[in-house]
Amino acid sequence: MARAPAGSVPGVPRFPVLYWPIKLLVAEPLVTAVFRPWVRGLENVPSEGPAVLASNHLSAADTVLLPTVVRRRVTFIAKADLFRGEGLRGRLTAGLMHGIGQLPVDRSGGRASSAAIDSAVAVLRGGDLFGIYPEGTRSPDGRLYRGRTGVARIALRSGAPVVPVAMVGTEDLLPSGRLLPKVRRVGVVIGEPLDFSRYAGREDDQLVVRSVTDEVMAAIQALSRQEYVDVYAERSRLRSELSRGTGVPEPPSTAAGGPGGRAAPTGDTPGPDDAHG
């Protein structure tokens, strides 16, 4: 795969000058000392070349934890609003996002979504790691929700393998709405890379992209042992908010065995005793 010229990714600085200082001098020492993360399967992250790290998403802490335990730089997408904040806090946040080389994404859909995929593919064609949460948002209740197909489109267009990742326990570390994290041990489980080269050139085939997405989600579920819900997490969150606002009972979410009709994985949620690497 040809390596893209440095600085060719729209919206990303050629040299993200803050990434390594923050990772090595702040994030790694602090996270390691306070939260003692355990890791299983770190050897499954390629030592070089492109790969998509596709993870479940339980907490805002996930985006700090994964780059902390992975030795290579990981580029994520982030809400475009974070790159154009107003006031002192907004400007500091925007500077941080640019400084660590994250990708702005407009969530309005259509051409904006296509532009985000183009940027992700450019990162991968540059030989780097790209991180994505296929659920599209944080899980509202700790369960695993239906994956959006962006992960499949990125993988098929770039030709990069997809490495499934499971965050374990981070929903209790920094629950939604909490400013300060709880001190507790959390973990990361990294699975073997998934190769979708058999579908090369079929990124516009809706059946293929859904099948690839479901395969990625099934691999994540096998690592995390989460209960799977076959609806989008954002839709579930909106239904909950509507129920709270109107007083009308929320219809129950339909839990499924696994993505794409697969059987649910068996076994306990992984823990520190399973870790190595």
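The values are calculated or read from the model by the stated rules, or taken from the named source; none is laboratory data. In this text the structure is predicted, and so the values were computed from the model without any measurement. Because the Cβ atoms are built from the backbone with ideal geometry, glycine has one as well, and the counts that use them run over all protein chains shown. Keep in mind that these areas ignore ligands, DNA and RNA; they rest on the heavy atoms of the full protein, side chains included. Shrake-Rupley method; radii C 1.70, N 1.55, O 1.52, S 1.80 Å.
Summary of computed values
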{"item": "Residue within the stretch 99-115 that is under 13 Å from the mean Cα position of the chain (by Cα) and of a type in the set (V, I, T) present", "result": "no"}
{"item": "Qualifying residue in the stretch 244-253 (condition: crowded, with 16+ Cβ neighbours inside 10 Å, at pLDDT below 90 and not hydrophobic (A, V, I, L, M, F, W, C))", "result": "yes"}
{"item": "Subset of the stretch 63-96 [open to solvent by 30 Å² or more (accessible area, probe 1.4 Å), at pLDDT 80 or above and under 16 Å from the mean Cα position of the chain (by Cα)]", "result": "T63, V64, R72, R73, I77"}
{"item": "From the options W38, W20, residue that is modelled with pLDDT of 80 or more, of a type outside the set (S, T, Y) and surrounded by fewer than 20 Cβ atoms within 10 Å (Cβ to Cβ)", "result": "W20"}
{"item": "Residue satisfying all of: in the stretch 209-238; in contact with a Phe, Trp or Tyr (Cβ under 7 Å, 6 or more places away or on another chain) and either open to solvent by less than 10 Å² (accessible area, probe 1.4 Å) or of a type in the set (F, W, Y) (or both); farthest from P46 (Cα to Cα) among these", "result": "S236"}
{"item": "Count of the stretch 60-80 residues which are within 15 Å of A27 (Cβ to Cβ) and either of a type in the set (G, A, S) or not in a strand (DSSP E or B) (or both)", "result": "14"}
{"item": "Test: residue in the stretch 99-118 that is under 16 Å from V188 (Cα atoms), free of Cβ contacts under 8 Å to residues at least 60 places away in the same chain and touching a strand residue (DSSP E or B) at 6+ places or on another chain (Cβ under 8 Å)", "result": "no"}
{"item": "Residue selected from the stretch 133-148 under the condition open to solvent by 20 Å² or more (accessible area, probe 1.4 Å) and under 13 Å from the mean Cα position of the chain (by Cα), by the criterion nearest to G261 (Cα to Cα)", "result": "R148"}
{"item": "Test: residue in the stretch 177-188 that is open to solvent by less than 30 Å² (accessible area, probe 1.4 Å), in a helix (DSSP H, G or I), within 23 Å of L42 (Cβ to Cβ) and of a type in the set (A, V, I, L, M)", "result": "no"}
{"item": "Complete set of residues in the stretch 137-164 that are at positive phi and touching an Asp or Glu at 6+ places or on another chain (Cβ under 6 Å)", "result": "G142"}
{"item": "Residue pairs meeting the criteria (Cβ under 9 Å; at least 6 apart or on separate chains; first in a loop (DSSP other than H, G, I, E, B), in the stretch 81-96; second open to solvent by 60 Å² or more (accessible area, probe 1.4 Å))", "result": "G85/R91; G85/L92"}
{"item": "Residue within the stretch 154-165 that is at pLDDT 95 or above, open to solvent by 10 Å² or more (accessible area, probe 1.4 Å), in contact with a strand residue (DSSP E or B) (Cβ under 6 Å, 6 or more places away or on another chain) and under 26 Å from V34 (Cα atoms) present", "result": "no"}
{"item": "Cβ-Cβ under 6 Å pairs, at least 6 apart or on other chains, the stretch 41-62 side over 14 Å from L223 (Cβ atoms) and in contact (Cβ under 8 Å) with a residue 40 or more places away in the chain, far side open to solvent by less than 20 Å² (accessible area, probe 1.4 Å) and in a loop (DSSP other than H, G, I, E, B)", "result": "G49/G127; P50/G127; P50/A160; A51/A160; V52/A160"}
